[in-house]
């Protein structure tokens, strides 16, 4: 694994453990010589992640829509910066630049990004392993919802397993590095 996209919040959240986890992830990616691709923000968990990776000697690539760069939330000290026209183009570019997905705590944007990647994998249109860092139980309710969706017949068990989950940075990186794509399986559930 040479490059991962990290989806995370433009805020740091109300518990300092989230910023600590973002910094740990940035340092770990740099130590493992894995390029960090992210949304190019200088604020929130995005900024913490980028700074830690850069200070650790890692390469950090940002992708930001023009309108957000104009809002002055862009980190201008990255290894490379791509400016695109839309949020949709941003997701496409980040996927093209990466081999795997890491999800840290975040809001609507983070969920939008991760669910698009999972949907593409489910439909056989993407092959990125997707891993969630469930720090401080942040994603417990979401994980329970996914399990409920599978139990109620809206997700095949194989598709539910597309989301890798760990509660520590080393465990998550090890899971992503050891990931083996499951056999392709149609999306539709036959009753």
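Results, tabulated for the structure shown:
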{"read-out": "Criterion violated by residue 51 - all others in (1) part of a strand (DSSP E or B); (2) surrounded by fewer than 23 Cβ atoms within 10 Å (Cβ to Cβ) satisfied", "value": "(1)"}
{"read-out": "Qualifying position, being closer than 19 Å to residue 108 by Cα and out of contact with any strand residue (DSSP E or B) (no Cβ under 6 Å at 6 or more places or on another chain), among 23, 95, 52", "value": "95"}
{"read-out": "Some residue of the stretch 100-113 being assigned to a strand (DSSP E or B) and at pLDDT below 95", "value": "no"}
{"read-out": "Residue within the stretch 158-180 that is loosely packed, with under 12 Cβ neighbours inside 10 Å, more than 27 Å from residue 64 (Cβ to Cβ) and in contact with a helix residue (DSSP H, G or I) (Cβ under 8 Å, 6 or more places away or on another chain) present", "value": "yes"}
{"read-out": "Test: residue 9 is in contact (Cβ under 8 Å) with a residue 60 or more places away in the chain, farther than 19 Å from residue 171 by Cβ and crowded, with 21+ Cβ neighbours inside 10 Å", "value": "yes"}
{"read-out": "Residue, surrounded by the most Cβ atoms within 10 Å (Cβ to Cβ), within the stretch 114-157, restricted to residues that are outside any helix (DSSP H, G or I) and in contact with a strand residue (DSSP E or B) (Cβ under 8 Å, 6 or more places away or on another chain)", "value": "133"}
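The values are calculated or read from the model by the stated rules, or taken from the named source; none is laboratory data. Because the structure is predicted, anything quoted here is derived from the model rather than measured. Note that each Cβ is placed from the backbone with ideal geometry, even for glycine, and that neighbours are counted across all protein chains shown.
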